[in-house]
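Report on the following structure.
The values are calculated or read from the model by the stated rules, or taken from the named source; none is laboratory data. Remember, predicted model here, so these are calculated numbers, not experimental data. Every residue, glycine among them, receives a Cβ derived from its backbone with ideal geometry; neighbour counts consider all protein chains shown. The accessibility values were calculated without ligands, DNA or RNA, using every heavy atom of the protein model including side chains. Shrake-Rupley method; radii C 1.70, N 1.55, O 1.52, S 1.80 Å.
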Amino acid sequence: MKHSRLNGTYPLPSSKIEEITADGGHYSGRVGGHYEILPKGFQRVLNCTLSLLGIIVTFPLMVMIFVALRVECRESALVARVVRPHMKPPVTVLRFRTRRAGSARELTKVGQFLADTGLDRLPYLFSVFNGDLSFFGNASSLPGSFGHFRTSKSEVPFSIYANVLKRPIDVVLVVLASPMILIVVGTLYLVVRADGGSGFFGQRRVGRHGKEFFCWKIRSMQVNAAQMLEEHLQSNPDAAKEWEETRKLADDPRITKIGKILRKTSLDEFPQFWNVLRGDMSIVGPRPVPSDELQKYDEKDVFYKAVRPGITGLWQVSGRNEISYEERVSLDQTYTTSISFLGDMKIILKTIDSMLKRTGG
């Protein structure tokens, strides 16, 4: 029987793998014939729903555990842990403290109970809701399904808001604004489709932990934009230099008339609210960039990958096209190392102001 090799294992015959993937499933390549038959999109929705219900039901218990640990330990009741789910990038998750800080590291009385019952893992529900872990398959959050992952210390600080609260707030804000978003996106889609091209434009961008995703926009360029760009850069050395330095063109021949209005008002980015619901992006964060552009970040790419890219961000409200690429990278680092709820709200308000004044693009 012929087998397909994947990551050094021979778990299933090639005919079976083809059958699984043809049905929309995701083959994991794990020894023992383990595979995921649920489509990824359905898994994400199911994970989000189950984890949200779990958070609501267990929240009073988590509060009591939090208070008990604070009283007993007189230090943080939550600890951050870097883990690597099976065949996935490392992620940072929260769990309840079970041991005292210091060299002794002895179990506390409450910690012993939590370790014996597995309740120290209750905060993992927030990571499932965030999309970092899953109840199913390779990224399972079930006990014993992943191990420790050691990595060098980075300068990226751990934030309760960034790692726990930011994702639920994003989802709530998008759901509340969804009627307006659907009307705007539907109207613009029909207008842009008038020239015969697609109403949407999708491009691969790098997301949190280096995972790539399709970032969606209302199409603001000509149908043959790629060919036009190549010809324009070949015939215009100044434009080629500008593109190399900023990945932007002040006078871009590819942009349509309606596209110029969309970019000035940032309305072309409204489909990215779908990316926020999927967990690919956040409302506020670094500007999403393709993998080849991320190379410009050098060792500072750790700050970009530490958070979800955003529909808007510090760069968009700090001068945008008037600043250099090096300044843009520095702004992404500043945002990641000082992320806060009030900071995000200020950026959102400044973005709305910029949209009304048409200072985007």
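Would you tell me the accessible area of residue 243, worked out with a 1.4 angstrom probe on the heavy atoms of the protein chains, in Å² to the nearest 10?
Near enough 50 Å² of accessible area.
Determine the per residue accessible area of the stretch 156-238 with all protein chains present and a 1.4 angstrom probe, expressed in square angstrom.
Numbers: 4790 Å² over 83 residues.
With the other protein chains kept in place, the stretch 156-238 gives 58 Å² per residue.
Determine ³J(HN,Hα), in whole Hz, for all residues of the stretch 234-251 in sequence, where each value follows from phi through the Karplus function 6.51 cos²θ - 1.76 cosθ + 1.60 and θ = phi - 60°; x replaces Gly and Pro.
5, 9, 9, x, 5, 5, 5, 5, 4, 5, 5, 7, 10, 6, 9, 10, 5, 10
Give the Cα extents of the stretch 232-361 along the principal axes, in whole Å, largest first.
For the stretch 232-361, the Cα spread along each principal axis is 46, 36, 26 Å.
Search the structure for amide H atoms under 5 Å from the amide H of residue 78, placed 1.01 Å from N in the peptide plane, and list their residues when 5 or more places away or on another chain.
Amide H neighbours of residue 78, under 5 Å, 5+ apart: 97.
Out of the total accessible area of the stretch 211-354 (probe 1.4 Å, heavy atoms of protein only), what percent is carbon and sulfur?
Working: 3950 of 7170 Å².
Within the stretch 211-354, the accessible surface is 55 percent carbon and sulfur.
Calculate, for residue 64 and residue 330, the FRET efficiency according to 1/(1 + (r/R0)^6) with r their C-beta to C-beta distance and R0 30 Å; round to the nearest 0.05. Mind showing how you got there, number by number?
On the way: r = 43 Å, r/R0 = 1.45.
FRET efficiency, residue 64 to residue 330: 0.10.
How much of residue 280 can a 1.4 Å solvent probe reach, expressed as accessible area in Å² and rounded to 10?
Here the accessible area works out near 20 Å².
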